[in-house]
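Contents: one structure, followed by commentary.
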Number of protein chains: 4
Amino acid sequence: MINVTVWNEGLHEKSDPAVGRVYPDGIHGCIKQFLSPQADFSVRTATLSQRSCGLPDKVLDSTDVLLWWGHMAHDKVPDKLVEKIRQRVLGGMGLIVLHSGHHSKLFKALMGTTCNLQWRDADRERVWTVEPTHPIAQGVPQSFDLPQEEMYGERFDIPAPEKLIFLGWFAGGEVFRAGCCWQRGLGRIFYFQPGHESNPTYHNEHVQRILINAVRWAAPTLPVQLPEGCPNPQVTPEERYREASAQ
Amino acid sequence: MINVTVWNEGLHEKSDPAVGRVYPDGIHGCIKQFLSPQADFSVRTATLSQRSCGLPDKVLDSTDVLLWWGHMAHDKVPDKLVEKIRQRVLGGMGLIVLHSGHHSKLFKALMGTTCNLQWRDADRERVWTVEPTHPIAQGVPQSFDLPQEEMYGERFDIPAPEKLIFLGWFAGGEVFRAGCCWQRGLGRIFYFQPGHESNPTYHNEHVQRILINAVRWAAPTLPVQLPEGCPNPQVTPEERYREASAQ
Amino acid sequence: MINVTVWNEGLHEKSDPAVGRVYPDGIHGCIKQFLSPQADFSVRTATLSQRSCGLPDKVLDSTDVLLWWGHMAHDKVPDKLVEKIRQRVLGGMGLIVLHSGHHSKLFKALMGTTCNLQWRDADRERVWTVEPTHPIAQGVPQSFDLPQEEMYGERFDIPAPEKLIFLGWFAGGEVFRAGCCWQRGLGRIFYFQPGHESNPTYHNEHVQRILINAVRWAAPTLPVQLPEGCPNPQVTPEERYREASAQ
Amino acid sequence: MINVTVWNEGLHEKSDPAVGRVYPDGIHGCIKQFLSPQADFSVRTATLSQRSCGLPDKVLDSTDVLLWWGHMAHDKVPDKLVEKIRQRVLGGMGLIVLHSGHHSKLFKALMGTTCNLQWRDADRERVWTVEPTHPIAQGVPQSFDLPQEEMYGERFDIPAPEKLIFLGWFAGGEVFRAGCCWQRGLGRIFYFQPGHESNPTYHNEHVQRILINAVRWAAPTLPVQLPEGCPNPQVTPEERYREASAQ
């Protein structure tokens, strides 16, 4: 069983009626809805306005894969919490960063770069699958269209992805590395660009398939173990050498 | 002309007479000495005990490549300075992190991981060149020995290097990714493991060759430009499309 | 069910009694024996001396993952068969290349390089796990010793591995990228260095765990589909553009 | 001085008057013309119809960087010559593969994959710079347009590029990894997609800048040395170990 927590800032849905109409249960609610039917997933949601931003220790410590949607309130997430989550990712918890989460403190801390990009509202996007055999691309067509999506364009200031799974094409003339994988410490990280709050992107069947796949891919292969310091084995080289020779 | 600043914590040399004998002018002094004869290098040093940790704006802003040696006083470098340096690396300044600098705030902030490793004093190391055609490996033999060096062993908790140039073999039975390259933002980063304060590693001709090469490799190809935010081009997709069609 | 075919040249075992004593059923027999108990594996063997080198179309076409051990008779494998296997790897069949298989026509054709290395008989090896969370490393300790193994040393002339899972340390002073992953076309490839014919390496529990894991990792995620040519979609850019706009 | 040889099949220019009008001196002639003014380049051309396909040993053996344009006559280049060139690339010669050269025997042999892609004539392309600090991108704008270029679209069946420098956007809705770097053996390889024979692509100033940069990047850092076999150092592990200890 993979314990999934869908974290959402959850502000646009309340402050902007148009967004509320697209996601009446919040973006987190929509994502929970399509993840939950997977028999091997146990799905919770958490939002910024909850106590401890919805991520008290007992939630965080029992999360295998965390999804993160944020935008207008990145700076409202306390540094201490960000660091706690980062440590857990380094210890093996999977992390899926969604759309404007590219500028979250958490993603920037794990990447080490600015994660800047260029953007423009209300374009058309076509998503291309570059690595069709990657677990995250299973069941996803060679390309699919999102009639309305925010343009995110290169240069995206990220460390070169360890796996580049999807590329985004925008009618206005831009391209974007739309689906990228990294490992940091013992944790796996997937960034996926489509998902602007005012577009019905998370209702798209291919986007849903991608996120379901991503949860399974990002799930830890070992029990999550917070990083410790640097061990100093007390054995001389000669002992080590003799030890090896004796076998 | 490449403006090089060699930063050193500079404490072991003063507090430990044995270290002082190996590096009477400090590790920074030794490195400056072998870098300076390069006609295209202009070399300065900076240390923790100087005003602004030796890196006031006017020094930092005129540095093309920064070398960083630190160990016992990582936490004495102010967070604000670390962030300023990190921004400059993202803007294109080259960074060469030496030995125990693996645990500096700066390196960890750029990598996003713990940079933990295992270690043991006083082993013997053989350094192997894995990528002989990389600019940093020019003039470096297939392998060379360091009769006395601190063992740093795997697992080294770093993002997978974009280029793995050197591997370290230790007589006591460990291996290490001893020379690694990454790009972060517009800046190039090289980590090099040999260089314990009580060993004459920086007097070794091959180590000197590697660091000379690394400075040239890490030097910015464009003027350093601090990162700005995310541009939002004010053009509709249709305008962009027509613009492209009209050419 | 993963259909596994263990291919072995199978000559050393017959011509050298010492090897025959280590592997009375052949290296392929030994590997089959420890793979077979896995409930999701269906395991066959194939050897050079069989009709069609043991790989007639009906065997090859029903193989999901192929393991390959060869050494003294690389040139006895017909070019046509090599090309047929290569096409199947590009179409999604997993490939695990063992030890001296580094110089097989098949591996060299897929890598594009010489796959040269340096070597010496009868050393001691310690294998280090560099990526502990990779599926191939599950259940494998941080390091384990092989008291007798052939030394394979750097530089190993391969394309930089997409994932470097294991590093080998040799008592004689060498290091080696001992476990490496690549993707070629739709197929996954794993190279694993330990496995000299006169050493009981394939009787080692950790080596067995690694190969069991590797079979599962290399198994195709989609039905294997031989590569075809370059499609030429008959649609004008304008039609494509209107198509996208209309949605 | 970098010895550059521009190889071109040279058939379209003769058989198709429209192509002849775009490149009256052949594609090779055009490329030679814009490379030659570089003071550190010595540029020759070679074509398929010449003796030894224009690449007799004395030409090949004195070439530091080879550019390769081919399309309709890939199969006219003898296997033996292809293998000779491949060996020289593995020994350090730089290789720049242009446009339809993606399907040349040489490129496919070095990549190990089919190098298939999808294509369509007469689209509009916008080239985006993803790695602005890479030597090949120096002086190249963030994006530039090619009003008429053949569409090459994903999935491009190549090994994941070690550096992805340029992405192509096509008005008809496709994207492409348009500028990619790999190292094979000691040689550097750059593939660049724009350059269809009936379009004036090689007259474009940015394309010219890219190819000038690529020649300098691909030039060998060491004298080219053809690969030899696998050395077998005759030293026992104990001797090696004592040797290291004695220093």
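The values are calculated or read from the model by the stated rules, or taken from the named source; none is laboratory data. Since this is a predicted model, take the numbers as computed values, not measurements. Every residue, glycine among them, receives a Cβ derived from its backbone with ideal geometry; neighbour counts consider all protein chains shown.
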Response to the item:
Scanning segment D:42-56 for residues that are touching a residue at least 24 places away in the same chain (Cβ under 8 Å), more than 16 Å from the chain's Cα centre (by Cα) and not in a loop (DSSP other than H, G, I, E, B) gives D:SER42, D:SER52, D:CYS53, D:GLY54
Worksheet item: How many residues are more than 9 Å from chain B (Cβ to nearest Cβ), of a type in the set (D, E, K, R) and under 20 Å from A:GLU131 (Cα atoms) when one looks only at segment A:150-163?
Response: 2
Worksheet entry | Residues of segment D:123-142 that turn out to be among the aliphatic types (A, V, I, L, M), in a loop (DSSP other than H, G, I, E, B) and within 14 Å of B:LEU222 (Cα to Cα), as a count | 1
Worksheet item: Taking D:PRO141, is it more than 8 Å from chain C (Cβ to nearest Cβ) and over 19 Å from D:TYR202 (Cβ atoms)?
Response: no
Practice prompt. Within segment B:152-169, work out how many residues are more than 19 Å from the chain's Cα centre (by Cα) and of a type in the set (A, V, I, L, M, F, W, C).
Written response: 1
Worksheet, complete the sentence: Across segment D:44-69, the tally of residues that are in contact with a strand residue (DSSP E or B) (Cβ under 6 Å, 6 or more places away or on another chain) and over 16 Å from D:VAL89 (Cβ atoms) stands at 5
Discussion item. One residue is enough: does segment C:147-160 have a residue meeting the conditions among the small types (Gly, Ala, Ser), part of a strand (DSSP E or B) and under 30 Å from A:ALA160 (Cβ atoms)?
Written reply: yes
Worksheet entry | Among residues of segment B:140-154, those that are surrounded by fewer than 20 Cβ atoms within 10 Å (Cβ to Cβ) and in contact with a Leu (Cβ under 9 Å, 6 or more places away or on another chain), counted | 0
Worksheet item: Residues of segment C:22-46 being polar (S, T, N, Q) and closer than 9 Å to C:VAL6 by Cβ, which ones?
Response: C:THR45
Practice prompt. List the number of the failed condition for A:ASP64; all other conditions in (1) within 14 Å of chain C (Cβ to nearest Cβ); (2) among the charged types (D, E, K, R); (3) closer than 22 Å to A:ASN199 by Cβ hold.
Written response: (3)
Worksheet, complete the sentence: Here the residues within segment B:1-28 that are surrounded by fewer than 23 Cβ atoms within 10 Å (Cβ to Cβ) and closer than 30 Å to B:THR221 by Cβ are B:MET1, B:ILE2, B:ASN3
Fill in: Residue check for B:THR133: under 27 Å from C:ALA160 (Cα atoms) and hydroxyl-bearing (Ser, Thr, Tyr)
yes
Discussion item. Of the residues C:GLN208, C:GLN183, C:GLN138, C:GLN193, only one is closer than 26 Å to C:LEU110 by Cα and out of contact with any Phe, Trp or Tyr (no Cβ under 9 Å at 6 or more places or on another chain); which?
Written reply: C:GLN183
Worksheet, complete the sentence: Of the residues in segment B:164-190, those that are surrounded by fewer than 21 Cβ atoms within 10 Å (Cβ to Cβ) and within 8 Å of another protein chain (Cβ to nearest Cβ) come to B:LEU164, B:GLN183
Worksheet item: How many residues are within 11 Å of chain A (Cβ to nearest Cβ), in a loop (DSSP other than H, G, I, E, B) and over 25 Å from A:ARG88 (Cβ atoms) if we restrict to segment B:87-116?
Response: 1
Practice prompt. Determine if segment C:231-238 includes at least one residue that is farther than 20 Å from D:GLU154 by Cα, part of a helix (DSSP H, G or I) and either at pLDDT 95 or above or of a type outside the set (D, E, K, R) (or both).
Written response: no
Discussion item. For segment B:97-132, give me each residue that is at pLDDT below 95 and small (Gly, Ala, Ser).
Written reply: B:ALA122
Worksheet item: Can you tell me which residue in segment A:59-91 is surrounded by the fewest Cβ atoms within 10 Å (Cβ to Cβ), limited to those that are over 20 Å from A:LEU211 (Cβ atoms) and small (Gly, Ala, Ser)?
Response: A:SER62
Worksheet entry | Some residue of segment C:211-224 being in contact with a Ser or Thr (Cβ under 9 Å, 6 or more places away or on another chain), hydroxyl-bearing (Ser, Thr, Tyr) and closer than 28 Å to D:THR114 by Cβ | yes
Item to complete: Restrict the check to segment A:191-202 and report whether at least one residue is under 16 Å from the mean Cα position of the chain (by Cα) and part of a strand (DSSP E or B).
Response: yes
Practice prompt. Sort out which residues of segment B:111-132 are over 19 Å from the mean Cα position of the chain (by Cα) and either surrounded by fewer than 19 Cβ atoms within 10 Å (Cβ to Cβ) or touching a residue at least 60 places away in the same chain (Cβ under 8 Å) (or both), and write them in order of number.
Written response: B:GLN118, B:ASP121, B:ALA122, B:GLU125, B:PRO132
Practice prompt. Determine, yes or no, whether C:PRO135 is at pLDDT 95 or above, within 17 Å of the chain's Cα centre (by Cα), away from chain D (no Cβ under 13 Å) and surrounded by fewer than 20 Cβ atoms within 10 Å (Cβ to Cβ).
Written response: yes
Worksheet entry | Lone unmet requirement of (1) in contact (Cβ under 8 Å) with a residue 40 or more places away in the chain; (2) farther than 16 Å from A:VAL207 by Cβ; (3) not basic (Lys, Arg) for A:GLY20 | (1)
Discussion item. For segment C:199-225, give me each residue that is away from chain A (no Cβ under 14 Å) and modelled with pLDDT under 95.
Written reply: none
